[in-house]
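Report on the following structure.
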Amino acid sequence: MHADPKGVLTGVHFLDGDHACCEGTLAAGARFAAGYPITPSTEVVERFASRIPTVGGIFIQMEDELAASIAIQGAVWAGAKAFTVTSGPGFSLMMEHIGLAAMTETPCVFVDVQRGGPSTGLPTLPGQADMMQARWGSHGDYGIIALCPNSPQECFDLTIQAFNLSEEFRVPVMMMMDECVGHMTEKVVIPEPDQIEITPRRYTKLPPEEYRPFEPREDLVPDMARTGEGYRFHITGLTHDERGYPNMSVETQDRLVRRLLAKLNPLANGRSLCETENLEDADVVVVSYGITSRVAQRAIQLARSRGIRAGKFRLITAWPFPAERIRELAGRVKAFVVPELNLGQMVLEVERAAAGQAKVIPVSHAGGTVHNPDTILNAIVEAAR
Amino acid sequence: MTPTTLEIPDGAQNPVEPFLRMDRMPHIWCPGCGIGTTVNCFTRALLDSKVNLDKVAIVSGIGCTGRVAGYARLDSFHTTHGRAIPFATGMKLANPELQVVVYSGDGDLFAIGGNHFIHAARRNMDLKVICVNNMTYAMTGGQSSSTTPAHVISATAPYGAFEPTFNLVALAEAAGASYVARWTTYHVKQLSRSMEEVLHKKGFCFIEVLSPCPTLYQRRNKMGDGLDAMKYYKQASKIRNGAPTGECTLSKSGEIVVGKFVDRDRPDYLELLRAQMTEALGERYVESEASCSC
Ligand SMILES: Cc1ncc(C[n+]2csc(CCOP(=O)(O)OP(=O)(O)O)c2C)c(N)n1
Ligand code: SF4
């Protein structure tokens with residue numbers, strides 16, 4: 001399906017990442033947003049608030065992030081594509097509802113423009129320290145998808161992908177931006193609507209008598225029904241059976257929770273998004289994401305100019321983590337260098353995947369600015385020894 | 001208002017069966033619990049109001065009352081503790097055709113969810129909020145709630161509660177609700193009628209229902225069983241429609257003022273939104289479509 005032209009601002013623009021993300025939501029077909037102001041993310045919904053009345057849809061500023069993160073889920077079950085936007089402290093408040101969305105398989109998008117933490121931290125400065133929270137922040141076992149743009153153009157493109165993936169897998173998808181990417185202004189090309197692929201919601205074709213809300217199809221994802229159309233379905237955050245009815249048995253719990261994770265396997269293995277360069281002959285691979293990947297790019301160039309065989313592995317899908325690809329690389333490279341604006345988060349995943357086959361060298365940074373490329377370069381040089 | 005004679009459908013034992021998920025019976029509520037009584041009233045209100053049941057959605061939070069959504073044969077949503085109202089807000093705004101009912105307990109709606117309640121009332125969001133007030137957190141074992149009256153013993157007030165309580169009807173009125181009523185599970189006719197009334201009223205409507213929790217609240221306070229609660233409700237209630245809500249505070253064993261206190265017309269959220277956007281944008285304003293087909 002192609003994008004609804006009403007939401008697509010076709011043309012060449014000069015936009016910051018937050019604004020580009022907003023245009024991505026509109027192009028993706030989002031017609032409902034709920035938010036609560038927080039730096040450095042608010043521009044996304046500010047733009048949505050100014051655009052949506054002439055496109056047709058709703059923006060509501062809720063009383064807090066708990067409200068925003070569940071209002072979008074009500075909107076989704078009523079038939080809309082919906083999202084919310086926040087940063088650190090607000091993301092923390094949203095955790096219970098990320099779990100609800102995972103449990104009830106509600107397709108929706110959470111945009112987190114990361115700033116320095118913990119707590120109020122560095123409201124106006126970048127961080128990448130919510131990466132583990134995005135994956136594990138709500139209680140219980142569940143899976144999510146997280147995407148990491150590194151430019152305003154990608155804020156646009158990946159936001160559309162985020163919506164598409166959320167519909168395909170029926171999971172909450174996190175757009176893990178950072179303050180730099182959110183606030184940097186660059187060229188953003190918005191294509192014609194018929195050049196934008198949109199994944200429609202998976203509505204059941206069965207009549208109400210035959211429909212079972214959590215009966216998965218072959219790909220382990222069940223089809224949805226829309227409120228108000230006579231299906232009289234039940235949705236609960238309690239452990240539920242295929243009818244959607246609460247069921248406290250160990251077997252139901254096992255079947256449900258395993259499926260919530262297993263349905264994401266295709267994305268973990270093979271379909272994960274990443275950008276690679278010079279991996280063929282690489283001795284050292286720099287694994288990075290978001291704004292840090294742009295600093296790493298410079299470090300890799302400098303290393304190459306010194307004759308070090310450095311390669312690039314940029315995570316675009318951070319979750320599910322592309323463990324197989326890293327494992328495969330680990331068998332033939334000397335080391336991974338992992339710079340990130342935190343004290344060591346995704347590096348743990350790289351270590352886990354590399355499983356001792358290659359050295360893994362973190363280049364940590366507490367946040368507030370980006371790395372100095374020389375710091376990453378030094379780590380590459382060290383690793384290549 | 002003409003009371004409907006309730007037909008018992010073929011194969012059913014009770015006229016409300018078509019409104020319930022009979023395949024989920026027996027329900028979890030204790031003998032003598034008032035929640036079932038309120039559900040009975042609600043199903044009668046649905047029937048009498050003649051609303052299109054396919055367009056009614058029911059949203060609950062968490063608690064004994066929170067289980068209502070799971071038994072109603074409607075599109076039904078059992079959400080998170082305290083957050084039924086914001087979920088319902090999103091649902092209503094994304095598809096204004098829906099009649100969205102929020103059905104939850106006093107702890108859910110007024111302690112953890114209190115902020116959402118006052119803001120939805122302030123916005124005059126077109127939601128029908130039914131609060132079963134058993135004056136305790138029943139699901140978790142009878143702890144104090146923001147409505148537990150002074151001197152009541154609860155699991156977390158073993159020497160007696162002493163915090164001042166919320167007067168829910170006064171709170172609702174002050175926050176901006178269009179309709180505010182209070183009944184008890186003794187007042188089944190009046191409660192059904194109020195529920196029916198709100199199904200036809202626009203804006204934020206609130207009904208508080210005092211309801212017994214014999215298992216925890218009453219037992220711990222030596223207040224007898226469900227029947228004793230009915231006797232108390234009967235003897236202590238005074239119907240005072242239009243009473244100033246500020247005078248309707250509740251206590252452990254004092255008078256219970258019941259009735260319809262507020263019934264006023266204020267533009268609801270969507271009307272206000274439309275008016276403002278039309279004023280600011282004129283022809284450029286595009287109304288939100290009732291649920292896109294994406
Ligand atoms: C975030 C969160 N905190 C606490 C709980 C535990 N909990 C479940 S129900 C409940 C209280 C319910 O009380 P009330 O809303 O008055 O409903 P009742 O059971 O009395 O009908 C609590 C505290 C929870 N489920 N979620
Ligand atoms: S514990 Fe109390 S409120 Fe809960 S079902 Fe039993 S009687 Fe009703």
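The values are calculated or read from the model by the stated rules, or taken from the named source; none is laboratory data. None of these values were measured; they are calculated from a predicted model. Cβ sites come from the backbone with ideal geometry, for glycine too, and all protein chains shown count toward neighbours. To get the accessible areas, we keep the full protein, side chains included, count just its heavy atoms, and leave off ligands, DNA and RNA. Shrake-Rupley method; radii C 1.70, N 1.55, O 1.52, S 1.80 Å.
Per-structure values
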{"item": "Residue with peak Gaussian network fluctuation, chain A [Cα springs, cutoff 10 Å], from A:F156, A:F233, A:F59", "result": "A:F233"}
{"item": "Cα-based equivalent ellipsoid of the stretch A:2-195: semi-axis lengths in Å, sorted from largest, via gyration tensor", "result": "23, 19, 15"}
{"item": "Per-residue SASA entry for A:Y203, accessible area with 1.4 Å probe, Å² rounded to 10", "result": "50"}
{"item": "Other-chain or far-sequence residues with amide H under 5 Å of B:N133's (modelled H)", "result": "B:V209, B:L210, B:S211"}
{"item": "Positive-end residue of A:S364, A:I300, A:G331, charge dipole of the stretch A:237-385 with Cβ unit charges", "result": "A:I300"}
{"item": "Square roots of five times the Cα gyration tensor eigenvalues for the stretch A:182-260, Å", "result": "34, 19, 12"}
{"item": "Stokes-Einstein diffusion coefficient of chain A, Kirkwood radius over Cα pairs, 10 °C, 1.306 mPa s, in µm²/s", "result": "75"}
{"item": "Pairwise Cα inverse-distance average, inverted: Kirkwood Rh of the stretch A:275-384 (Å)", "result": "13.3"}
{"item": "Acute angle (nearest 10 degrees) that the helix A:290-305 long axis makes with the longest principal axis of chain A, alpha-carbon atoms", "result": "30"}
{"item": "Cβ-derived FRET efficiency at R0 22 Å, B:I28 paired with A:E210, nearest 0.05", "result": "0.20"}
{"item": "Cα Rg, Dmax, the stretch B:72-117, angstrom units", "result": "10.7, 30"}
{"item": "Counting DSSP beta bridges with both ends in the stretch B:84-186, the antiparallel % (nearest 5)", "result": "25"}
{"item": "Accessible area buried, both sides summed, chains A and B with 1.4 Å probe, Å²", "result": "3900"}
{"item": "Calculated SAXS-style log₁₀ I(q)/I(0) at q = 0.05 Å⁻¹ - the protein assembly as shown, Debye, Cα scatterers", "result": "-0.26"}
{"item": "Other-chain or far-sequence residues with amide H under 5 Å of B:I256's (modelled H)", "result": "B:S237, B:K238"}
{"item": "Label-point separation in nm, A:E328 to B:I239, each point 7 Å along Cα→Cβ", "result": "7.6"}
{"item": "Residue-averaged 222 nm ellipticity for the protein assembly as shown, from DSSP H runs of 4+ at -39500 (n - 2.57), nearest 500", "result": "-10000 deg cm²/dmol"}
{"item": "3J(HN,Hα) from dihedral phi, the stretch A:183-200, Karplus parametrisation 6.51/-1.76/1.60, rounded to Hz, x for glycine, proline", "result": "9, 7, 10, 8, 5, 10, 9, 9, x, 5, x, 7, 9, 10, 7, 10, 8, x"}
{"item": "Full-stretch length increase - B:Q143, B:A275 - with 0.36 nm per residue and alpha-carbon distance subtracted", "result": "43.0 nm"}
{"item": "Fully extended contour minus Cα-Cα distance, from A:R306 to A:A355, at 0.36 nm per residue", "result": "14.7 nm"}
{"item": "Between helix B:35-49 and chain B: long-axis angle, C-alpha atoms, 0 to 90°, nearest 10", "result": "40"}
{"item": "Three-way shape label, the stretch A:97-168, alpha-carbon gyration tensor, a/c 1.5", "result": "oblate"}
{"item": "Candidates B:K50, B:K128, B:K202: whichever shows maximal mean-square fluctuation once chain B is modelled as a Gaussian network with Cα springs under 10 Å", "result": "B:K50"}
{"item": "Entries in B:K201/B:K238; A:K81/A:K263; B:K92/B:K234; A:K81/B:K55; B:K189/B:K252; A:K205/B:K92 that, when Cα-Cα distance is taken, lie over 29 Å", "result": "B:K92/B:K234"}
{"item": "Apportionment of accessible area to carbon and sulfur, the stretch B:180-272, percent (1.4 Å)", "result": "52"}
{"item": "Approximate spin-label separation A:S364-A:L348, in nm, with each point projected 7 Å along Cα-to-Cβ", "result": "1.1"}
{"item": "The stretch A:75-112-the stretch A:32-58 distance, computed between alpha-carbon centres (Å)", "result": "15"}
{"item": "Intensity falloff of the stretch B:17-264 expressed as log10 I(q)/I(0), Debye formula with alpha-carbon point scatterers, at q = 0.07, 0.12, 0.14, 0.17 Å⁻¹", "result": "-0.20, -0.60, -0.85, -1.32"}
{"item": "Using θ = phi - 60° and Karplus 6.51 cos²θ - 1.76 cosθ + 1.60, couplings along the stretch B:213-230 (whole Hz; Gly, Pro as x)", "result": "10, x, 5, 10, 5, 6, 4, 5, 9, 6, 10, x, 10, x, 5, 4, 5, 4"}
{"item": "Choice from A:R294, A:R314, A:R115 with maximal GNM fluctuation in chain A (Cα, 10 Å cutoff)", "result": "A:R294"}
{"item": "Cα gyration tensor, the stretch B:110-228 - rounded (a/c under 1.5), prolate or oblate", "result": "oblate"}
{"item": "Cysteines without a disulfide-compatible partner [chain A; Cβ-Cβ under 4.7 Å]", "result": "A:C22, A:C108, A:C148, A:C180, A:C274"}
{"item": "Under the Karplus curve 6.51 cos²θ - 1.76 cosθ + 1.60, θ = phi - 60°, whole-Hz ³J(HN,Hα) for the stretch B:154-159, x wherever Gly or Pro sits", "result": "10, 4, 10, 10, x, 9"}
{"item": "Isotropic mean projected area of the C-alpha convex hull, the stretch A:94-232 (nm²)", "result": "10.5"}
{"item": "Segment A:T276-A:T10, length gained on full extension (0.36 nm per residue, minus Cα span)", "result": "92.9 nm"}
{"item": "Accessible-area composition of the stretch B:22-96, carbon plus sulfur, in percent [1.4 Å probe]", "result": "58"}
{"item": "Long-range amide H partners of A:V337 with built H, under 5 Å", "result": "A:V285, A:V286, A:V287, A:I361"}
